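The values are calculated or read from the model by the stated rules, or taken from the named source; none is laboratory data. All values reported here derive from a predicted model rather than from experimental measurement. As a convention, Cβ positions derive from the backbone with ideal geometry for all residues, glycine included, and neighbour counts pool all protein chains shown.
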């Protein structure tokens, strides 16, 4: 008989709990079922935050790009600039004053008007560390793209001022070539000042912009639901009533979800699934040109890699074609220059070092390494978009290097640790890469190969390539707003870089994206921020 | 019984302290710099240093630990470095998601495991016995991720009977109350959505149930066989009780202790160890929450999350021990 209370008590507890819950729920919003058309986008990870200035990860920016607008935006099919929230703009001849004329009758999702005050507020919030709403996290991309915060030595933007309700003036401390390209980046999207002031800390969970979709619901690690903004300024868009981002971490499971119709479009495919998509009539494949580069870096601070002949020799010993067919399922372009060919100022006349082991041996001999040498090759353990299998690529290189007498020891680390080691120049050889931010060559060449970025710690120029000549060209191109002049400067820089060979540029990886055959209007933009409001899909039952 | 319970509860204190030290130590010994993580890949070294100060990472370890424990005692699990939200707020939905999945799969595992075990023991050396023990062997050896992918391929993609992933149709929006979707939909009284939630539960729950089901079946069988040979069972039979009654009442009760142990252990293991299943079925549970935190170096989430899971493991084991004592009054550990 002693046993009874145990169960009675447990049952009573459960009953009580459910009563409390029902009571709590009396005013709840309950359940809403879908009506209208929906586009479900499947991806590998959830967004981190939905305040665009506070994130650097693509998954967050994919979502914020649909909630917010930027002053100017990239064209649908490339990284050229077209009007966004600003209808037109002009700059002073010296490139130090820019005037933007804003679109009228645009409203934020909370009903407040978009105007010059909103633009000034957002820029003040980003640039001024003492701004009352400079809160909620790190504003990483701002100092990164505009030389620091207000008051810093290299800060680009002197002042952002309102001329009238729909005109904003930017005064710069120095002209920068990629100014418009920077403004088009999704982190620099304009949020509702009213919503930000209300709670700058929680703004990243309750985003309010002017974009094609309004934020509706976020189930962490699961789905983010956006709803059509019926008042969107670009009339006729969005095409669907609801846009859902769904995280499905496993690549194979995500592909199954696409094939069974649970999602409409997906990124992050296993290269081996690409052939299946091409054969399946219910699916279609989109190939996104890679705004990225994977490369083998030579640490030029270390001997014998300070010797250009050694670096050139190794360049001759890398078979890019086989790397692409073995490790990228053919989905990559061999890299000749540090940035991909669709970007401004790409130099087509630069000749690549061909795969030629004899030449490689010859050069090593000239450099005095007839008897061979030993090198440590660092490779990341985790897949990167531009380098899906770093360790295997390293093993592949090791085999070919052995043939020219270079004995390679492969060293691997987990990604975060790897970054720390490589960025402080611990490596001799290292496999590394870069995903471009704004589609401007400055974002590749200056970041990865200028001597200013060859810092002791936290270097982004991990080859410690310190050519004065290249530095001069890059700085001049950076501060010029004459695009033709910039093209010439970048072409020259690419020639010198090829000759000096601080890297073996390996590939520009193509990003495969699969969708249902019913999908129309999707363009796989190289920035990975897709204009999903232009996509339509046949209604699912 | 009461004194026993109190004594067991007191014994929890040193265990919890030990666990907090271990999680703290492990997290602080992992290579990688949390300040760098927060600042982002492109931050200046000065900014990283500032953040290190803000977080108290420049303090000696013992002081950091004491601050951490002080927070824990006030119910403060710390704030996530990435989202900046209090972990105690953030962790709830993930725990509930995992608990719903794990409890469902344990129900499946226990129901099928125990019954398979009983019938196999009852009909020892019959074809049923052989078949189910072979199935159990396969069940133990099968990799969960493979089974999960096969289930998706068959039931979602080919037959289109069940959804391949997630907790409910993403097109349905629900304001969660308990974050146990089955309970929530019941509270809302929406049977259509309830059915959708149940359909989403089936595949991952079955995948997760395989291993514990197989283990439970084997343990139940061997334990039943042992008890069936004892004298009191012969007496029960001699008294003319029906065979069913003898097996399910008299034998099972005494055979239940080892089975309960296994159920308790498996339940605890699944709570933290459902990562693979959660990943394949994109189930937003605690395993994936921790996994993401580890890969992002969100060390406050890692240390508090592991502590929460470990605490639940300990509590479940405590509960199992208490149930022993309740089932078999002869068990009163440590009492002289």
Worksheet entry | Out of B:210, B:251, sole residue that is buried (at least 16 other Cβ atoms within 10 Å of the Cβ), more than 22 Å from residue B:324 (Cβ to Cβ) and either away from chain A (no Cβ under 11 Å) or without any contact (Cβ under 8 Å) to a residue 12 or more places away in the chain (or both) | B:210
Discussion item. What's the number of the only condition in (1) closer than 24 Å to residue A:267 by Cα; (2) assigned to a helix (DSSP H, G or I) that residue A:309 fails to meet?
Written reply: (1)
Practice prompt. Please go through the stretch A:257-272 and pick out each residue that is buried (at least 22 other Cβ atoms within 10 Å of the Cβ) and either at the interface with chain B (Cβ under 9 Å from one of its Cβ atoms) or out of contact with any helix residue (DSSP H, G or I) (no Cβ under 7 Å at 6 or more places or on another chain) (or both).
Written response: A:257, A:258, A:259, A:262, A:263, A:264, A:265, A:267
Worksheet item: Do we have any residue at all in the stretch B:109-120 that's more than 14 Å from chain A (Cβ to nearest Cβ), more than 25 Å from the chain's Cα centre (by Cα) and in a helix (DSSP H, G or I)?
Response: yes
Response to the item:
Exactly one of A:489, A:506, A:532, A:473 is farther than 30 Å from residue A:287 by Cα and either free of Cβ contacts under 8 Å to residues at least 40 places away in the same chain or within 22 Å of the chain's Cα centre (by Cα) (or both), and that residue is A:473
Worksheet item: What about residue A:34, is it at pLDDT 75 or above, within 11 Å of chain B (Cβ to nearest Cβ) and either in a loop (DSSP other than H, G, I, E, B) or more than 45 Å from the chain's Cα centre (by Cα) (or both)?
Response: no
Fill in: Test result for residue B:61, in contact (Cβ under 8 Å) with a residue 12 or more places away in the chain and over 30 Å from residue B:263 (Cβ atoms)
yes
Fill in: Options A:42, A:65; residue that is surrounded by 16 or more Cβ atoms within 10 Å (Cβ to Cβ), assigned to a helix (DSSP H, G or I) and either out of contact with any helix residue (DSSP H, G or I) (no Cβ under 8 Å at 6 or more places or on another chain) or modelled with pLDDT of 85 or more (or both)
A:65
Discussion item. Here is a list: B:171, B:167. Which entry is more than 25 Å from the chain's Cα centre (by Cα) and within 23 Å of residue B:280 (Cα to Cα)?
Written reply: B:171
Item to complete: Could you tell me which numbered condition residue A:332 fails, if it satisfies all but one of (1) surrounded by fewer than 19 Cβ atoms within 10 Å (Cβ to Cβ); (2) touching a helix residue (DSSP H, G or I) at 6+ places or on another chain (Cβ under 7 Å); (3) in contact (Cβ under 8 Å) with a residue 60 or more places away in the chain?
Response: (1)
Discussion item. It is to be established whether one or more residues within the stretch A:380-390 are without any contact (Cβ under 8 Å) to a residue 24 or more places away in the chain, part of a loop (DSSP other than H, G, I, E, B) and either in contact with a helix residue (DSSP H, G or I) (Cβ under 9 Å, 6 or more places away or on another chain) or over 19 Å from residue A:433 (Cβ atoms) (or both).
Written reply: yes
Discussion item. On the basis of being surrounded by 19 or more Cβ atoms within 10 Å (Cβ to Cβ), at pLDDT 90 or above and more than 8 Å from chain A (Cβ to nearest Cβ), does residue B:154 make the cut?
Written reply: no
Worksheet item: Looking only at residues in the stretch B:133-149 that are at the interface with chain A (Cβ under 10 Å from one of its Cβ atoms) and surrounded by fewer than 22 Cβ atoms within 10 Å (Cβ to Cβ), which one is nearest to residue B:278 (Cα to Cα)?
Response: B:145
